[in-house]
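Undergrad: Pasting a structure below so you can have a look.
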Amino acid sequence: MDIHDTLVYVSMILTVGISMIILTSNEKFINIFFPFKFVNFLEYLVSIFFLTIFQWAVGGTIYFIYKGIIL
């Protein structure tokens, strides 16, 4: 495995972790598993997904602006 692949995987794990930390600071998701409700759990997973995609989009935008690649 190349160092590039390792950096990609580590950054993916970090952004998902950041998303989880951000969401659990919200009052609605503090105790996501107690009491367990499938609707809340599903909403939590979907929120993590979209927040992670948003972080990747912001990071990609910053990267392209930094490199001078503008569409």
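Undergrad: Which one is farthest from the chain's Cα centre (by Cα), of the residues in segment 27-49 that are in a helix (DSSP H, G or I), surrounded by 13 or more Cβ atoms within 10 Å (Cβ to Cβ) and of a type outside the set (Phe, Trp, Tyr)?
TA: Initial filter on segment 27-49 (in a helix (DSSP H, G or I)): 27-29, 38-49.
Now narrow it down to the ones that are surrounded by 13 or more Cβ atoms within 10 Å (Cβ to Cβ): 29, 40-41, 43-44, 47-48.
Still in the list and also of a type outside the set (Phe, Trp, Tyr): 40, 43, 47-48.
On the way: 40: 18, 43: 14, 47: 9, 48: 6 Å.
Filtering segment 27-49 for residues that are in a helix (DSSP H, G or I), surrounded by 13 or more Cβ atoms within 10 Å (Cβ to Cβ) and of a type outside the set (Phe, Trp, Tyr), the one farthest from the chain's Cα centre (by Cα) comes out as 40.
Undergrad: Additional query: Please work out if residue 48 is at pLDDT below 85 and either in contact with a Ser or Thr (Cβ under 8 Å, 6 or more places away or on another chain) or of a type in the set (Ser, Thr, Tyr) (or both).
TA: When the stated conditions are applied, residue 48 does not pass them.
Undergrad: Residues 52, 24: which one is hydroxyl-bearing (Ser, Thr, Tyr), free of Cβ contacts under 8 Å to residues at least 12 places away in the same chain and surrounded by 11 or more Cβ atoms within 10 Å (Cβ to Cβ)?
TA: Details: 52 fails: free of Cβ contacts under 8 Å to residues at least 12 places away in the same chain.
None of the others qualify; the one that does is 24.
The values are calculated or read from the model by the stated rules, or taken from the named source; none is laboratory data. From a predicted model like this one, the values you see are computed outputs, not experimental measurements. Using ideal geometry, Cβ is built from the backbone for each residue, glycine included, and neighbour counts are taken over all protein chains shown.
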